[in-house]
Amino acid sequence: MAAVRKPLLRIPYTDVFAAPRIVPRYATTPAAAVASLSAFITAPPPRGLPSSTVVLTGAGLSVASGLADYRGENGTYRVNKTFRPIYFHEFLASHEVRKRYWARSFLGWTTLHKALPNTSHYALRDLGRLGYVRSVITQNVDSFHHVAHPDGPSTVELHGYLRATVCTTCGNEYDRDTFQNELARLNPAWAAFLVDAIASGAFESEDDPTTGGPAPRSRAGLSAIRGIRTNPDGDVDVPGAPYTTFRYPPCEHCLTNPPVTEDGTKLMVEVDQDGAWQLPRQVSTTDSGTKVKCPGVLKPAVIMFGESISQAVKHAAEEAVDSAGRLLVLATSLATYSAWRLAKRAKDRGMPIAIVNMGGVRGEDVFFADLDDQQPGNEGVRVEMPTDVVLPPLVEELHRIAPGGAYSKDGALGAGQVDPALFRDMLS
Ligand SMILES: [Zn+2]
């Protein structure tokens with residue numbers, strides 16, 4: 001059967017990518033990596049391209065904030081290979097699937113919500129202030145860029161954000177934290193379980209269950225848990241939890257203003273005595289006989305697997321690439337197609353590329369195929385280090401060589417421009 005190619009978010013590659021070729025060859029220490037990245041970011045723009053750098057980030061950037069990465073240090077996939085994520089079409093179609101999703105999300109939210117941006121996010125803010133970076137494209141849904149640099153560089157959140165829910169009928173967005181309070185009100189036993197789990201430190205431990213401390217017991221009567229891991233998507237898995245008891249609220253707008261279908265059918269949102277969304281007692285049908293979707297269902301404002309990225313976001317990301325002369329890839333293996341194709345776009349535009357990532361990156365041999373590993377970094381950089389090790393000192397270095405920032409008033413490169421020959425002696 002011929003595959004139909006659609007721009008949907010697919011399950012990323014779970015294979016281990018080949019180990020990287022470090023460029024420049026000597027950039028295996030933090031100091032050398034910083035010097036190379038400094039040469040990269042301050043080099044004169046390639047012919048005909050703008051001088052600024054666009055940054056593309058992934059899950060590894062948030063590891064220093066206490067969030068999990070999808071991959072371990074050697075690039076192996078951490079998420080259990082038997083784990084099957086919830087697809088968008090399943091979420092839309094099934095009340096039971098939504099209960100499971102929101103139950104897991106309810107348990108994971110506290111950990112995510114109390115986590116803060118780290119030095120890497122603030123380094124990007126500083127690179128913006130110095131004039132080197134105008135936009136950041138992130139695959140992360142944790143809103144850390146949004147929090148760390150609200151005034152710039154501008155952020156394109158390629159896969160959406162967890163800080164809001166969005167109605168699948170009317171498109172209204174709601175604050176996720178307020179939604180959490182509603183979930184707690186509708187699910188008191190789950191709320192008590194969550195309080196116990198947090199108090200017992202279940203979310204903070206990654207210890208082997210056979211060697212850890214005493215297991216927390218919940219008042220909700222759920223099974224003993226330890227070492228609950230919050231995924232980068234903000235959910236947790238508690239095997240055996242009675243997801244089917246979970247309740248979630250509807251879209252308030254659709255509840256008070258029932259949506260009307262094209263053929264004039266009014267879709268009533270039904271709720272139980274406490275205001276939780278309920279399956280409509282009668283499944284509505286249109287004149288043509290097709291089943292009407294459940295109205296007023298909220299979903300997280302993230303792109304779920306099998307869901308397409310909006311044209312507006314896709315274009316904003318492409319625009320961010322096209323208005324820069326260089327691409328800096330941070331803490332991502334580019335395993336998702338939507339991110340990989342942006343790097344490919346940069347390559348096709350002749351933009352020099354720098355990658356800072358632990359473990360291999362999808363297609364990097366192609367990105368760096370024509371790169372001389374003796375050049376000092378102005379044509380491209382590949383280093384294998386955590387971003388919080390190299391970005392703060394990179395900002396310091398750029399401050400040192402150009403305290404006033406990258407560009408003079410007429411927009412040309414200012415004092416920050418570095419003669420790549422400066423780094424030649426580091427090759428020996
Ligand atoms: Zn709505």
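The values are calculated or read from the model by the stated rules, or taken from the named source; none is laboratory data. Quick caveat, the model's predicted, so the values are computed rather than measured. Heads up, the Cβs are rebuilt from the backbone with ideal geometry, glycines too, and the neighbour counts pull from every protein chain shown.
Here Leu334, Leu327, Leu371 are screened, and the one residue that is within 17 Å of the chain's Cα centre (by Cα) and either surrounded by 18 or more Cβ atoms within 10 Å (Cβ to Cβ) or in a loop (DSSP other than H, G, I, E, B) (or both) is Leu334. Per the conditions (1) part of a loop (DSSP other than H, G, I, E, B); (2) farther than 30 Å from Val269 by Cα; (3) within 16 Å of the chain's Cα centre (by Cα), the sole criterion not satisfied by Leu124 is (1).
Among the residues of the range 24-35, write down those that are buried (at least 23 other Cβ atoms within 10 Å of the Cβ) and touching a Phe, Trp or Tyr at 6+ places or on another chain (Cβ under 7 Å). First the steps, then the outcome.
Residues of the range 24-35 buried (at least 23 other Cβ atoms within 10 Å of the Cβ): 24, 27, 33-35.
Hit for the range 24-35 is Ala35, nothing else.
Please indicate, with yes or no, whether at least one residue in the range 172-181 is within 16 Å of the ligand (Cβ to nearest atom), closer than 30 Å to Val55 by Cα, modelled with pLDDT of 85 or more and in a loop (DSSP other than H, G, I, E, B). Looking through the range 172-181, at least one residue is within 16 Å of the ligand (Cβ to nearest atom), closer than 30 Å to Val55 by Cα, modelled with pLDDT of 85 or more and in a loop (DSSP other than H, G, I, E, B). Among the residues of the range 234-257, the ones that are within 10 Å of the ligand (Cβ to nearest atom) and surrounded by 14 or more Cβ atoms within 10 Å (Cβ to Cβ) come to 6 in all.
Which is buried (at least 21 other Cβ atoms within 10 Å of the Cβ), modelled with pLDDT of 80 or more and either more than 16 Å from the ligand (Cβ to nearest atom) or more than 28 Å from Leu92 (Cβ to Cβ) (or both), of Leu162, Leu186? Walk me through how you get there before you give the answer.
Details: Leu186 fails: buried (at least 21 other Cβ atoms within 10 Å of the Cβ).
Among Leu162, Leu186, only Leu162 is buried (at least 21 other Cβ atoms within 10 Å of the Cβ), modelled with pLDDT of 80 or more and either more than 16 Å from the ligand (Cβ to nearest atom) or more than 28 Å from Leu92 (Cβ to Cβ) (or both).
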